[in-house]
Every structure is written in structure tokens, then in C-alpha cells.
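Trainee: Right, I'll just put the structure down here and ask away after.
Just so it is clear, none of the values below were taken in a lab; they were calculated from the coordinates. Being a predicted model, the structure only gives us computed values, none of them experimental. Heads up, the Cβs are rebuilt from the backbone with ideal geometry, glycines too, and the neighbour counts pull from every protein chain shown.
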Amino acid sequence: MDTIISYLNNLFANLPKTERVLALKDQLQASMEDKYLALKAKGRSENEAIGSVISEFGNIDELMTELGLAPTPQPSPLKPFSLSDARTFLAVTRQTAILIGIGVFLCLLGVASLILIGQLVDQGQLGQNLGESGRGALAMIPFFILIATGVSLFVYSGMKLDPYKFLETGEFELAPAATSELERQRESFQPSFGLGIMIGVSLCILSPLALFLFSLFGEERMGFGVPVLLVIVGVAVFFFIYFGTIKEAYNKLLKLEEYANKNKKETDKVIGIVAATVWPLATATYLLLGFTQGMWGTAWIIFPILGIVFGVFSAIYTGIKKV
Amino acid sequence: MGVQSDVLREIISYGYEISRQIREKTSDGYVIRETTLYSVFARLENAGYIESYSGSVSMGRPRTYYRITDAGRTYYRQKCQEWQEIQDLLQPFIEEE
């Protein structure tokens, strides 16, 4: 009997809950119940009885016309998303995750090269025969090439992902077959995700070792540890981005975790805005100090300090948002 | 519609009972669907040919009962007559075959 009731409930789920509709539903239920009980009394099995009752129910659209309702009530405004759509999206995500990861790595490498060359110039090991501005430019060339390459990777990835923007807002309906398949895939991805994040975290924790190692070779060598630190952090960030993006893609499709409600998006936006202002500002300050004060060898301290401050900020902000 | 009105001619009845009688009278030849039956009820009731009221008799469950009205009875006779006329009209064509 429960099967019949839930069958009716499903049929009426999308209809307006007016008195008339509800009365009609009650009548239909009573009638179906009568039929079910009569069939059971005739010795039919539970399944046979339910089967006949449901097969003899008819078409709900017939009643809708009678009630003056549209035959097909409110077609879902959500964009359908099939399993093959999801597969394509995941393939694109994997590809762009690598590109974005490399892009971020290149940006960090750019900063690392800037600091490294700045140090070498400062200590008179490079660009001796160049003028003051020539020495500055020497550090800038690889920096800009690397940043430009990184940024073009971001732009290219953004273009590739643009058709999937609507997934962010959850305005799509995943095919039921796709849901179970993706849940399975997400489950089997979980260990790789854990491992990837673990490697990333380990690299971050180990990265300051570079500073200590270089400081062993003397006070003025300590500065060389920073580019190495940045490269290690760059590798770690690649791991975070690659595995994080894939996990996020599954969450997006299945509307889980951060995509279960819409708060996360806002958090991301605020952190994104802060990041987009603060990091270029830091770079500008570094360049300014370098060119005007010749502080290539010391001004790099901005980056690790800002890194820590920014990390603390986003952690606190996310924490507050969650409460 | 003749079939339902036939059922309604003299007795007060409820949904399942009516569908059961239709089935019986046609010797399982016509199994009316729930949605068809209830859209017919709605149409007839709107036209004032039947009236419904809720009550509980057997099995203790409240049910909606239907009873034919005078207008319904007139309409029924009219339809029966129409049907008879159509039959008479078509009969020669059927016999010719």
C-alpha cells in the first residue's frame, strides 16, 4: 500500500496544493486502496495487486485538464546534465587543473627568479657591466616572461571552462544514472585526493628548511633560500590546485560540501578579491623598493610575510563564514 | 458516458464500486482508468448531472459518494435516445457488409 501512496505523492508533487487538488488526490487514493484491498481479498499477491492498481491508474494529464491546470506542470527550468556531459566536464577539469597548477607554479617561479637575480645583482655576481637601470631590467625579463606565460595559461583555462559556468550556481539537473556513477568515482578519487593534499602540506612544512640550509652558508647567502622556498611552495600549490580542483568538480556535479549551499561562493569571491589586490600590490612594492632603494636583496621579505598574513586572513574569514 | 450513467441511474455509489461495476457489466471488456473515471466525475459534477458528498458506510473509511441528479437523469435519457438513434442510423451500413 505504501508503494501506491508514494506513487500518488510523486504524481502530485509538482501540482499546486489547492483544496480541490488535495481532495481529488484523497479520492484517487481511496479508490486505489479499495481496488488494492479487493485484489488482495481475491488472493492476489502484494506485487500483483500493486501492479494492477498502478497499471490501471491512467494518465495524470487527463485530470489536469479537468482541473484547469496545464497538462505538463512546470517543466523543470534546470538544465539537464547527462553522464557523458559530466565525463566531458571532468576531462576538461583535469586538463585545466594541470594548466592552472602550472600557471601558478610559473608565477611563483617568476617571483623566485626575480629575487634570485636581484640577489645576484646585489652581491655583484651578475650584470657588473650594466648600468643601474640595466641591472634592474635583468631581473625583470625572466619575471615578466614567466608571469605572462602563467597568466595566459589562466586565461586559456578560463575559456575552456567558460561553458560550464552554470554548474557553479547549481542550476542544472544531473541525470540519475550519472549521479550514482559520479558518486562511485568521487569515492575512488578520495584516497588520491588525500595523498595529494598530504604531499602538498608536507612540502609546505618542509619548505622553510631551505632558508635554514642556506643560512648555514652564511648570513648573506640566506637570501638564496627564498627562491628555493618559493619553488617548493610552487610544487605544493600545484598539488593543492590539481587535486582540489578535481574534488571540487565532483562536489559541483553532485552538489556536495561547498556546493550544498551557496555561501561558499561568496567567501571565495571575497578572498579572491583580496588576493587579487594584495599580491600585485606586494609585487609593485617590491619592484619599487628594488628600483629606487636598490633593496633587491632584502625587500623579498614582503612575500613570505604577506603569504603568512594572507593565509591567516583566509583561514579566519572562512572560519567566521562557517559559524 | 452512457456506461457511467447507467451505473448511476438508480444507486448512490463511490469510485471503486462504479469502476468495479463497469468492469463486471462489460465482462472485463472495459477497465476504466482511475484518471478517466475521476475526470468524468469532475465533468459531470460541473455540469450538475451528479452530486457528490462524503460519508462513511462500509469498512469505516470516509469516501466520496456520487448520486445522479434530476438534471442528470434527463440528460441520461436524452443520451440514451441519441445513442439509439445513432445505432438505428448506422445499422444498415453494418448489415451491408
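Trainee: May I ask for the net charge around B:Glu45, where only other residues with Cβ less than 13 Å from the Cβ of B:Glu45 are counted and Lys, Arg are +1 while Asp, Glu are -1?
Mentor: Here the count lands on +1.
Trainee: Across every pair of different alpha-carbon atoms, what Kirkwood hydrodynamic radius in Å does chain A reach?
Mentor: Values: mean 1/r = 0.0401 Å⁻¹.
Value: 24.9 Å, from the Cα pair sum.
Trainee: Once you place label points 7 Å from the Cα toward the Cβ at B:Gln84 and A:Leu195, how far apart are they in nm?
Mentor: The modelled label-to-label distance comes out at 8.8 nm.
Trainee: Right, next: At a Förster radius of 56 Å, what calculated FRET efficiency corresponds to the Cβ-Cβ distance of B:Arg73 and A:Lys42, to the nearest 0.05?
Mentor: 0.95
Trainee: Sticking with this one: Of all the stretches in chain A, which is the longest one without any exposed loop site, taking trypsin sites (Lys or Arg not before Pro) in a DSSP loop (any state but H, G, I, E, B) with at most 13 other Cβ atoms within 10 Å?
Mentor: Details: sites that count: A:Lys17, A:Lys42, A:Lys262.
Counting at most 13 other Cβ atoms within 10 Å as exposed, the longest clean stretch of chain A is A:43-261.
Trainee: Per DSSP H run of n ≥ 4, the term is -39500 (n - 2.57); total these for chain A, divide by its residue number, and report the mean residue ellipticity at 222 nm rounded to 500 deg cm²/dmol.
Mentor: Only helices count here, giving -26000 deg cm²/dmol.
Trainee: Report the chymotrypsin sites (Phe, Trp or Tyr not before Pro) located in region A:208-265 that are in a DSSP loop and have at most 11 other Cβ atoms inside 10 Å of their Cβ, or state none.
Mentor: Values: sites: A:Phe212, A:Phe214, A:Phe217, A:Phe224, A:Phe238, A:Phe239, A:Phe240, A:Tyr242, A:Phe243, A:Tyr250, A:Tyr259; in loops: A:Phe217.
Those satisfying the criteria are A:Phe217.
Trainee: Okay, next question. For region A:79-257, build the charge dipole from Cβ charges (+1 Lys, Arg; -1 Asp, Glu) around the Cα centre, then report which of A:Pro227, A:Leu167, A:Cys107 sits farthest towards its positive end.
Mentor: Value: A:Leu167.
Trainee: So in the protein assembly as shown, what percent of DSSP beta bridges are antiparallel if you round to the nearest 5?
Mentor: Among the beta bridges of the protein assembly as shown, antiparallel pairing accounts for roughly 75 percent.
Trainee: Report the extension gain between A:Val309 and A:Ile141 in nm, rounded to one decimal, defined as 0.36 nm multiplied by the number of residues separating them, less their alpha carbon distance.
Mentor: 57.6 nm
Trainee: With each pseudo-label sitting 7 Å past Cα toward Cβ, what's the A:Ala91-A:Thr18 distance in nm, one decimal?
Mentor: Result for the modelled spin labels: 4.9 nm.
Trainee: What size of dipole, in debye to the nearest 20, comes out for region A:128-209 about its Cα centre when the only charges are +1 on Lys and Arg C-beta atoms and -1 on Asp and Glu C-beta atoms?
Mentor: Dipole of region A:128-209, to the nearest 20 debye: 380 debye.
Trainee: Now a separate question. Amide H neighbours of B:Ser54 under 5 Å, counting only residues 5+ apart in sequence or on other chains, H built in-plane at 1.01 Å?
Mentor: Long-range HN contacts for B:Ser54: B:Tyr65.
Trainee: Using Cα atoms only, what is the angle between the long axis of helix A:302-322 and the major principal axis of chain A, expressed in degrees (0 to 90) to the nearest 10?
Mentor: It is inclined by approximately 20 degrees.
Trainee: Ok, one more. Describe numerically, in nm with one decimal, the distance between label points set 7 Å from Cα along Cα→Cβ at A:Leu130 and at A:Leu281.
Mentor: Here the modelled spin labels are 3.0 nm apart.
Trainee: Continuing with this model, one more query. Evaluate peptide B:63-73: per residue, the Cβ atoms of other protein chains within 10 Å of its Cβ; return the mean as an integer. Walk me through the numbers before you get to the answer.
Mentor: Values: counts 6, 6, 0, 0, 0, 0, 0, 0, 0, 0, 0.
Partner Cβ neighbours, averaged per residue: 1.
Trainee: Choose one of A:Asn9, A:Tyr36, A:Ile54: the residue whose Cα lies farthest towards the positive end of the charge dipole of region A:2-66 (beta-carbon charges +1 Lys, Arg; -1 Asp, Glu; about the Cα centre).
Mentor: Of A:Asn9, A:Tyr36, A:Ile54, it is A:Tyr36.
Trainee: Which whole number gives the average, over all residues in A:30-38, of C-beta atoms from other chains lying within 10 Å of the residue C-beta?
Mentor: The shielding value for this peptide is 5.
Trainee: Treating the angle as unsigned and between 0 and 90°, give the value, to the nearest 10°, between the Cα long axis of helix A:19-41 and the longest Cα principal axis of chain A.
Mentor: 60 degrees
Trainee: Next question. Could you grab the relative contact order for chain A? Cα pairs under 8 Å, six or more apart, rounded to a whole percent.
Mentor: The normalised contact order for chain A reaches 20 percent.
Trainee: To continue, here is another question. Could you tell me the calculated FRET efficiency between A:Leu213 and A:Leu78, based on Cβ-Cβ distance and R0 = 51 angstrom, to the nearest 0.05? Before the final figure, lay out each step's value.
Mentor: Numbers: r = 55 Å, r/R0 = 1.08.
Once the sixth-power term is evaluated, E becomes 0.40.
Trainee: Suppose we keep just the alpha-carbon trace of region A:2-66; what are its Rg and Dmax in angstrom?
Mentor: 12.4, 38
Trainee: Please check: in the Gaussian network model of chain A (C-alpha springs, under 10 Å), which one of A:Asp61, A:Asp85, A:Asp162 has the largest mean-square fluctuation.
Mentor: Judging by the Gaussian network model, the answer is A:Asp61.
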